[in-house]
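These notes concern the structure reproduced below.
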Amino acid sequence: MKKIDVLVIGSGVAGLTLAIKFAERHPDKKIVVLTKTNKEESNTRYAQGGVAAVWDFETDSFDKHIADTLDAGDGLCDEEAVNIVVKEGPTRVKELIEWGTRFDKDTTAYDLGREGGHSENRVLHYKDLTGWEIQRALNEKAKTYPNLAYFDHYFAIDLITQHHLGRQVTRLSPGVQCFGAYVLNTRNKEIETFIAKVTVVATGGAGQVYKTTTNPSIATGDGMAMAYRAMARMENMEFVQFHPTSLFNPAIENPAFLVSEAVRGFGAIIKTPEGKEFMQKYDPRKSLAPRDIVARAIDNEMKMKGQDFMALDCTHLDKEAFIAHFPTIYNKCKSLGIDVMKDLVPVVPAAHYICGGIKTDKVGRSSVQNLYACGECSCTGLHGANRLASNSLLEGLVFAERAAEDIGKRIDSIEFQENIPKWDATGTTDPKELVLITQSIKELKEIMSSYVGIVRTSVRMSRAFDRLHLLYEETEKIYSTTTISPQLCELRNLITIAYLITKSAAMRKESRGLHYTTDYLKKHPFLEMTLM
Ligand code: FAD
Ligand code: SIN
């Protein structure tokens, strides 16, 4: 049994920033950061475009960034959260720079990129490897605190609540509390108990619930599923963002390689594989319309013509400048025989980001006492029905600071819960048929991609429910008799996420932002046609 003041589950931008901030302010307190594989692996690491922040006050303003965020969010953003993130964002980004993060400069000033839905250039970036650079800098910084310990290859299984002390807890029970987490050490397969005064879920997204996703294999929604089981309130789970331009690769890669929206910000144009522009049919902003619109347009064109991909035309762009800005994208395409300067780049939409998650207040508290959520797994209200590009890293930074501050104020008034039982594994044995788990994961992805994807209908969602229910029952049976493994936990968590997405989608009787259902068509000011 390990006893720590603050247990942070997740070492991406949100978890690490929070841990660093808390460690800095409270050298007498012990913080542990858990990560389920290597400490470098996270969604954060793959971020390409950059961090959006108002930087050049001569051309840009907080009001403009706020307006763009609200516009993308399609009427569902929490305006207070938007104000907080936009106004506190630049200070947080400056801190990142002080901690050693490099952003590209154009001679002396920072080179500010542009992405879909932004009315100004305001995206700070490090080539097309911004997330990798931020993750590197945070890992380096975290190492400098003796009171901050890293446990990699530690997979959190479940949050500990009164339920584990033998008390029946339901979603309506008042005063549900979190006392820490049960965690699988995947190196020696032991399940350890981490008791904590405060637990922070910073486990990132859940893109792996879909067949094609830009998210790495760790993005299985573990934290959201654990919090849901711990009776935390969830919100906006129906709003799954599909990135319009992942690289089409017939060999099917998991994760799908992203072709950053910044490439369109740089001048690239979306076209059919035959080289014809079509975005003017869908939005006056064409290739730089917000992501939900562009992804739906590409999906629709593919379905109408029975094609496997659409294309991105970069052939008119300056080669030297392109390679300087996007070396990873250039080289990746080259490795597949695509010369970005001569050929159209084949692209398809891919599940990219979940706007919903564990509902939090403005300091990261969830509805469960002493349980915080931060980063992509949380729902702060910033994104509403659709996230504005490059607002995610910013949200992680801003709310990490706020949560660290709030935890600091409360930590001395919180007692450890000492009498936590050990994980009970009686009646379980090693899995005899791993194929049952891997096949169920495949089925789950198929169900979600076919029936609860970019375009939805009530009939498709109802079919998804039936199929998910079967998978749920089969998996619970396996779970009750089988030794815990990351694969089994991930399957179980993915089923929970799929259920939450489908249930929230079925409950929303309208088309809004990323949730588009042909049963409730929105009168779009521009678009006359019904999408397929
Ligand atoms: P993550 O960075 O995903 O970190 C999650 C952590 O939780 C990991 O350390 C993981 O190991 C750990 N974890 C998960 N489950 C468990 C468990 N059961 N037990 C223990 N540990 C666990 N956003 C932008 O703002 N700008 C961009 O340019 C941008 N580009 C993107 C490009 C790609 C390809 C992708 C996939 C995303 C991009 N995003 C971008 C989104 C952004 O990167 C993420 O939303 C953000 O990094 C999430 O950070 P996080 O700290 O919440 O989670
Ligand atoms: C991208 O670079 O296109 C991704 C940006 C984001 O997801 O915010």
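The values are calculated or read from the model by the stated rules, or taken from the named source; none is laboratory data. These numbers come from a predicted model, not from an experiment. Heads up, the Cβs are rebuilt from the backbone with ideal geometry, glycines too, and the neighbour counts pull from every protein chain shown. Ligands, DNA and RNA are excluded from the accessible area calculation, which covers all protein heavy atoms including side chains. Shrake-Rupley method; radii C 1.70, N 1.55, O 1.52, S 1.80 Å.
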Next on the checklist: What's the total number of residues in segment 30-74 that are under 28 Å from Phe242 (Cα atoms), away from ligand 2 (no atom under 16 Å from the Cβ) and of a type in the set (D, E, K, R)?
Outcome noted: 8
Checklist entry - Identify, please: which residue in segment 103-125 is out of contact with any Phe, Trp or Tyr (no Cβ under 9 Å at 6 or more places or on another chain) and among the hydroxyl-bearing types (Ser, Thr, Tyr) and is, among those, nearest to Gly50 (Cα to Cα)? => result Ser119
Checklist entry - Quick one: how many residues across segment 353-385 are in a loop (DSSP other than H, G, I, E, B), at negative phi and touching a residue at least 24 places away in the same chain (Cβ under 8 Å)? => result 13
Checklist outcome for this item: Checked segment 409-435 for anything buried (at least 16 other Cβ atoms within 10 Å of the Cβ) and not in a loop (DSSP other than H, G, I, E, B); matches are Ile411
Checklist outcome for this item: Among Asp128, Asp152, Asp158, the single one that is crowded, with 22+ Cβ neighbours inside 10 Å and within 15 Å of ligand 1 (Cβ to nearest atom) is Asp128
Checklist entry - What helices (runs of 4 or more DSSP H) lie completely within segment 8-103 and have 2 or more residues being at negative phi, of a type outside the set (Phe, Trp, Tyr) and surrounded by fewer than 24 Cβ atoms within 10 Å (Cβ to Cβ)? => result 13-25, 62-72, 79-98
Checklist outcome for this item: Within segment 96-127, residues closer than 16 Å to His65 by Cβ and among the polar types (S, T, N, Q) come out as Ser119, Asn121
Item to check | Which listed residue, of Ile358, Ile454, is more than 27 Å from Ile478 (Cβ to Cβ) and open to solvent by less than 40 Å² (accessible area, probe 1.4 Å) | outcome: Ile454
Checklist outcome for this item: Going through segment 146-165 in order, the residues found to be farther than 16 Å from Ala219 by Cα, in a loop (DSSP other than H, G, I, E, B) and touching a strand residue (DSSP E or B) at 6+ places or on another chain (Cβ under 8 Å) are Asn147, Thr161
Checklist entry - Scanning segment 198-235 for residues that are surrounded by fewer than 24 Cβ atoms within 10 Å (Cβ to Cβ) and away from ligand 1 (no atom under 13 Å from the Cβ), which turns out nearest to Ile441 (Cα to Cα)? => result Lys211
Item to check | Sole residue being within 16 Å of ligand 2 (Cβ to nearest atom) and within 13 Å of the chain's Cα centre (by Cα), chosen from Ala206, Ala262 | outcome: Ala206
Checklist entry - Going through segment 236-254 one residue at a time, which ones are open to solvent by less than 20 Å² (accessible area, probe 1.4 Å) and either away from ligand 1 (no atom under 13 Å from the Cβ) or assigned to a loop (DSSP other than H, G, I, E, B) (or both)? => result Met237, Glu238, Phe239
Next on the checklist: Condition first: touching a residue at least 24 places away in the same chain (Cβ under 8 Å), part of a loop (DSSP other than H, G, I, E, B) and more than 14 Å from ligand 2 (Cβ to nearest atom). Can you find one or more residues in segment 120-142 that meet it?
Outcome noted: yes
Item to check | In segment 104-118, the residues that are open to solvent by less than 50 Å² (accessible area, probe 1.4 Å), part of a loop (DSSP other than H, G, I, E, B) and either touching a Leu at 6+ places or on another chain (Cβ under 6 Å) or closer than 28 Å to Ala295 by Cα (or both) | outcome: Asp111, Leu112, Glu115, Gly116, Gly117, His118
Checklist entry - Quick one: which of Ile195, Ile191 is modelled with pLDDT of 95 or more, over 30 Å from Ser287 (Cβ atoms), open to solvent by less than 40 Å² (accessible area, probe 1.4 Å) and more than 12 Å from ligand 1 (Cβ to nearest atom)? => result Ile195
Item to check | Qualifying positions in segment 202-235 - in a loop (DSSP other than H, G, I, E, B), in contact with a Ser or Thr (Cβ under 6 Å, 6 or more places away or on another chain), closer than 10 Å to Ile358 by Cβ and of a type outside the set (Lys, Arg) | outcome: Ala230, Ala232
